[in-house]
Amino acid sequence: MDSSACLEFVRELRALNHRLDARLNEGLRPLGISCVQADALMALQDLQPCGLKDLSTHLIAESGHPSRLIARMRRSELVEVAPSPEDGRAMLISLTAEGERLAKESCKVRQDIINSLVLDDGALADATGFMQSIIQQLS
């Protein structure tokens, strides 16, 4: 494979991620939350209650960052943290009523962005499979 083609692919992937995040942040601005917070809220909507490790894995987050994110969201009363009944040392994270509301609103913002795109399902499946192949090779 031509290394310049590979670098161009990586550059385009970063540009796509940047543009999607910018669009999402624009839609989330009226809600008063960031793209990262919205991602965590939407993940917790599916995973709760869950531990920090499970949330980190789902968010594909670097170590240290999720704990700071959850601390900020806890101060904003978007999440609650309680000891795990199975392991008193572990903590379980859940959404508050306000966190649930913002998770639902975030889903709507994300869905509006998806609905605004004209995507070919076959091409999207091929691209997703291609990226999964690269991820697997890098693991």
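Derivation of every value follows stated rules applied to the coordinates shown; laboratory data play no part. Treat the numbers as computed from the prediction; the structure is a model and nothing was measured. Glycine gets a Cβ as well: all are built from the backbone with ideal geometry, and neighbour counts include every protein chain shown.
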Candidates per trypsin sites (Lys or Arg not before Pro) in region 42-120, loop by DSSP, up to 13 other Cβ within 10 Å: Arg89
Cleavage-rule hits (GluC sites (Glu not before Pro)) in region 60-139: DSSP loop, at most 11 neighbouring Cβ within 10 angstrom: Glu62, Glu77, Glu86
Tilt relative to the chain, helix 65-75 - C-alpha long axis, 0 to 90 degrees, to 10: 50 degrees
In deg cm²/dmol, rounded to 500, what helix-only [θ] at 222 nm does the chain give when every DSSP H run of at least 4 residues adds -39500 (n - 2.57) and the total is split over its residues? -23000 deg cm²/dmol
Taking Val36, Val81, Val118, Val109 and counting other beta carbon atoms within 10 angstrom, the fewest-first order is Val118, Val81, Val36, Val109
Reviewing [x] 2.52; [y] 1.34; [z] 1.22, the figure for Cα Rg over 2.2 N^0.38 Å actually calculated from this model sits under [z]
Where does each of Leu92, Leu20, Leu44 land when they are ranked from fewest to most other beta-carbon atoms within 10 angstrom? Leu20, Leu92, Leu44
Give, as a single signed number, the net charge of other residues whose beta carbon lies under 14 Å from the beta carbon of Asp112, with Lys and Arg counted +1 and Asp and Glu -1. +3
